[in-house]
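The values are calculated or read from the model by the stated rules, or taken from the named source; none is laboratory data. Just so you know, these numbers come straight off a predicted model, no measurement behind them. Heads up, the Cβs are rebuilt from the backbone with ideal geometry, glycines too, and the neighbour counts pull from every protein chain shown. Each accessible area value is taken on the protein alone, full model and side chains, heavy atoms only, with ligands, DNA and RNA left out. Shrake-Rupley method; radii C 1.70, N 1.55, O 1.52, S 1.80 Å.
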Protein chains: 2
Amino acid sequence: MSAFAQQSKVAIAIHGGAGTILRENMTAEREAEYRAKLEEALKAGHDILEEGGTSLDAVVAAIQIMEESTLFNAGKGAVFTNDGKNELDAAIMDGKTRNAGAVAGISTVKSPVAAARMVMENSPHVMMIGAGAEQFASEQGLETVDPSYFYTDRRFEQLEKIRNTEKSQLDHDGDSKSAEDKRQGYLDKHFPDRKFGTVGAVALDQNGNIAAATSTGGMTNKRYGRVGDVPVIGAGTYADNATAAISATGHGEYFIRSVVAHDITAIMKYQNKSVQEAANTVVKDKLVDMGGGGGVIAIDGEGNIAMPFNTKGMYRGSIDTEGKVYIGIYEDEQP
Amino acid sequence: MSAFAQQSKVAIAIHGGAGTILRENMTAEREAEYRAKLEEALKAGHDILEEGGTSLDAVVAAIQIMEESTLFNAGKGAVFTNDGKNELDAAIMDGKTRNAGAVAGISTVKSPVAAARMVMENSPHVMMIGAGAEQFASEQGLETVDPSYFYTDRRFEQLEKIRNTEKSQLDHDGDSKSAEDKRQGYLDKHFPDRKFGTVGAVALDQNGNIAAATSTGGMTNKRYGRVGDVPVIGAGTYADNATAAISATGHGEYFIRSVVAHDITAIMKYQNKSVQEAANTVVKDKLVDMGGGGGVIAIDGEGNIAMPFNTKGMYRGSIDTEGKVYIGIYEDEQP
């Protein structure tokens, strides 16, 4: 390929969580905050791409702005576990090499997505968990924080509210329920508004390389070291230049069981479908049949972007190959 | 379906790890021990299937025999971490419901595969890690053990040998190496014999339901809470009645990045390939291109079994729908 043939199209898409996000439950002020922060994250990633930076740099930059914002369930502002802690998960994947990195159950690294990237680039491993992952990140020179850094009043109040609901519902939770009933019951109890606040980004850079990354605080009131789909490569995060880069947000257990991100790439590769067709099939048909709420953002090697979700809303945004900026929250806002 | 139309074909396959397993490095006595234990595990699972038990019960029974044997890197006889501990991972998946359960980084539950099953059946979650997973297993009444239960002299000597090798090689490990070089270098150092000792089982029961499960101690000398492919649903373990049940063994990082188990089912579903064709494509072509050593066992809803590997050997066995028993260790032993 000659220097003149270098691809110069760039594009980026982000999400800040999906769920029952309705206009009637939103103040104008709060909505404006979300739109402004989504746009800030998008532009941070897009600036890097325009300057010739890599898709990996772009997705990390976009996610770090959302990790640092208390609006989203990732980094600062993450939801609390049953023990009153914040346990964070993140993953990243490079579509060019199919290298990947993931961390789960960490509480002391300021930027979980940066930790995932260190695992990918500076270790022979793909996935690290708990104290071991924290030690690695610290040895790599990443900024560590006291776990209280992640605390916000709003999330702690959510935990207390759910704990109280749980207490009052305990009598109705017999052992005779099936795992499926328990899963749906758990969902009703722990996400009364069915909102999944993971953040993610996918991007295409000037060299034609795509990347995906995702970061989350998981489920409010989660117990037992529960890990969702985010750090499960293939479920919440996947990237392959040959198909697409994907980041998901939703009810993690269903996304793991459906291997959502990899399934989208498999439909593209083996059935020769577009990124939009493949993402729609998985999110709007297959996940709906299973009962799994949520959505994905996806980008292919040409910069085509798909952002399907099967919930009432998804915080999302994109800057396409033409430079057109789009921000959406509700169902009826199409690019 | 009438009672008379009930399917009665049953079949099972197991593995006990893949790698550079050569006749010249094996004593006749040790080889006989492996063959006997593989046959014992196979028959335990097959007996359950013949008596009308579920494929889930069969894969758990087969794996527990291998977990309790010191011959394999799972349960008792698992390899040691850099800290001199045994940290175990396991997963299970039900092809009928596509429910799944996984645990990672646990040290006090006697049967990790039983813990994974409890996560699947008695929790709303799919994946639990570390102390939280141990607490859940204990609350569910699973047998817990002192971590010393998993200790064996043989594995501890392996750790010490690798630690010494590592010390002497430290000077050659510059920071300038790429992640890919580090991965291969790590492999050479930590698996001088390139042997991956995970155990797994797949089965078809009389109701036509398939299941897969896998259990492992991971990599000798692993650090930083490293987790391999085993508890990553879609990578080391996957099951869907519509396609196949799969359990993998090999260099976990490559198996995660390739989403090996789900990729096999995707090729079957979207390209209408047989389980043998799909498993061969992934293990003998795609993984080899990437540099990922290992193998899989796979079974479809008709009881067709595939056991491809790209290493010198794989401890493996099967009882097919005709009741024919097969045990293999080396490359040249075909069913």
**Study point:** nm² value of the averaged projected area, convex hull over the Cα atoms of chain A
**Key:** 17.0
Practice item. Any chance you could check region A:118-146 for residues losing 40 Å² or more of accessible area when the partner protein chains are in, compared with the chain on its own (1.4 Å probe)? Key: A:Pro124, A:His125, A:Val126, A:Met127, A:Ile129
Check your understanding: How large is ³J(HN,Hα), in whole Hz, for each residue of region A:131-142 in order, when computed from phi with the Karplus curve 6.51 cos²θ - 1.76 cosθ + 1.60 and θ = phi - 60°, using x for Gly and Pro?
Key -> 4, x, 5, 5, 4, 4, 4, 5, 4, 7, x, 6
Practice item. Go through region B:144-157 residue by residue and turn each phi into a ³J(HN,Hα) via Karplus (6.51, -1.76, 1.60, θ = phi - 60°); whole Hz please, and just put x for glycine and proline. Key: 9, 9, 5, x, 5, 3, 7, 5, 9, 4, 4, 5, 5, 5
Revision key, fill the gap. Amide H neighbours of B:Gly328 at under 5 Å, excluding residues fewer than 5 places away on the same chain, with H built from the backbone geometry, are B:Arg316, B:Gly317
Practice item. Determine, from the Cβ-Cβ distance of B:Ser274 and B:Glu157 and an R0 of 56 Å, the FRET efficiency 1/(1 + (r/R0)^6), rounded to the nearest 0.05. Key: 0.85
Practice item. For each pair in B:Lys96/B:Lys269; B:Lys9/B:Lys324; B:Lys37/B:Lys161, compute the distance between the two Cα atoms and list the pairs where it is over 20 Å. Key: B:Lys37/B:Lys161
**Study point:** Shielding of B:266-276 by partner chains, average beta-carbon count, 10 Å
**Key:** 3
Point to revise | Full-stretch length increase - B:Glu51, B:Glu139 - with 0.36 nm per residue and alpha-carbon distance subtracted | key: 28.6 nm
Practice item. Would you mind checking B:Lys222/B:Lys312; A:Lys222/A:Lys312; A:Lys43/A:Lys273 for any pair whose Cα atoms are more than 25 angstrom apart? Key: A:Lys43/A:Lys273
Check your understanding: How large is ³J(HN,Hα) for each residue in region A:274-282, as worked out from phi by the Karplus curve 6.51 cos²θ - 1.76 cosθ + 1.60 (θ = phi - 60°), to whole Hz, x for Gly and Pro?
Key -> 6, 4, 5, 4, 5, 5, 4, 4, 6
Practice item. Decide, for region A:1-135, between rounded, prolate and oblate: order the square roots of the alpha carbon gyration tensor eigenvalues as a ≥ b ≥ c, take rounded if a/c falls under 1.5, and otherwise choose prolate if a/b is larger than b/c, else oblate. Key: oblate
Practice item. Show the residues, 5+ positions off or on another chain, whose built amide H is closer than 5 Å to the amide H of A:Arg226. Key: B:Ile129
Check your understanding: How many Å² of accessible area per residue for chain A, probe 1.4 Å?
Key -> 36
Check your understanding: Peptide B:32-44: average number of partner chain Cβ atoms within 10 Å per residue?
Key -> 0
Point to revise | Reference-scaled alpha-carbon Rg (2.2 N^0.38 Å with N residues) for region B:12-88 | key: 1.24
**Study point:** Calculated FRET efficiency for the pair B:Val288/B:Lys324, C-beta based, R₀ 30 Å, to 0.05
**Key:** 0.55
Check your understanding: Counting only residues 5 or more places away or on other chains, whose amide H sits under 5 Å from the amide H of B:Val145 once H atoms are built in the peptide plane?
Key -> B:Val109, B:Lys110
Check your understanding: Distances over 50 Å make up what percent of all Cα-Cα pairs in the protein assembly as shown?
Key -> 8
Point to revise | Between B and A, accessible area buried - total, square angstrom, nearest 100, 1.4 angstrom probe | key: 4200
**Study point:** Relative contact order [Cα under 8 Å, 6+ residues apart], chain B, whole percent
**Key:** 26
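Which percent of the accessible heavy-atom area of the protein assembly as shown goes to carbon and sulfur, probe 1.4 angstrom?
Roughly 45 percent, rounded to a whole number.
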